[in-house]
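What follows is one structure encoded as structure tokens, with my remarks underneath.
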Amino acid sequence: TKEMFNEVLPEEARPYLINTFDQVVAHYDEMVELVMAHVKGYSSPDRLNRADLAVMVYACYELTYRKDIPVAVVIKEALELAKEYGGEKSSKFVNGVLGAVARDVE
């Protein structure tokens, strides 16, 4: 995966993005638990849209560990990703979950 980053990312962005990727992976299980604690009607992360889950895990990492990034920015970026890669109702679903997460991690 890091080789892929080296091929497709601008050189100046690589350290930040590789570090962020590594941190999201390191905290993945914790972030999935955080998502699932705020999702209603799903008993397992396997039942969630994979793109929605990926977006929410990434956003939960930022909400939890990157306090230098404003909450509104994290959620706005996540909603854009959900609209682009998720299902028809993804952005509304992701917004609800991340809003609840944001209130809990502040």
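Read-outs throughout are calculated quantities, based only on the coordinates presented, and are distinct from any laboratory measurement. Because the structure is a prediction, the values reported are computed rather than measured. We place every Cβ from the backbone using ideal geometry, glycine too, and count neighbours over all the protein chains shown.
Brief remarks follow.
- Degrees between helix 50-65 axis and first principal axis of the chain (Cα, 0 to 90, nearest 10): 80
- Of the trypsin sites (Lys or Arg not before Pro) in the range 52-106, those whose Cβ has at most 14 other Cβ within 10 Å and which sit in DSSP loop: 66, 67, 89
- Loop-resident chymotrypsin sites (Phe, Trp or Tyr not before Pro) (DSSP state other than H, G, I, E or B) in the range 10-106 with no more than 14 further Cβ atoms inside 10 Å of their Cβ: 42.
- Length-normalised contact order for the range 28-105 - Cα pairs under 8 Å, 6+ apart - percent: 35
- A Förster radius of 22 Å, combined with the Cβ-Cβ distance separating residue 8 from residue 50, puts the computed FRET efficiency at roughly 0.60.
- Measuring nothing but alpha carbons in the chain and taking Rh as the Kirkwood radius, the Rg to Rh ratio lands at 0.97.
- Neighbour counting of Cβ atoms within 10 Å sorts the residues 36, 31, 4, 56, fewest neighbours leading, into 4, 36, 31, 56.
- Of 65, 28, 39, farthest towards positive along the dipole that unit charges on Lys, Arg, Asp, Glu beta carbons give the range 28-105: 39
- At an R0 of 30 angstrom, the distance between the Cβ atoms of residue 100 and residue 17 translates into a FRET efficiency of 0.65.
- Within a Gaussian network of the chain (alpha carbon springs, distance under 10 Å), most fluctuating of 49, 95, 19: 19
- Estimated 222 nm signal from helices in the chain, with DSSP H stretches of n ≥ 4 weighted -39500 (n - 2.57), rounded to 500: -23000 deg cm²/dmol
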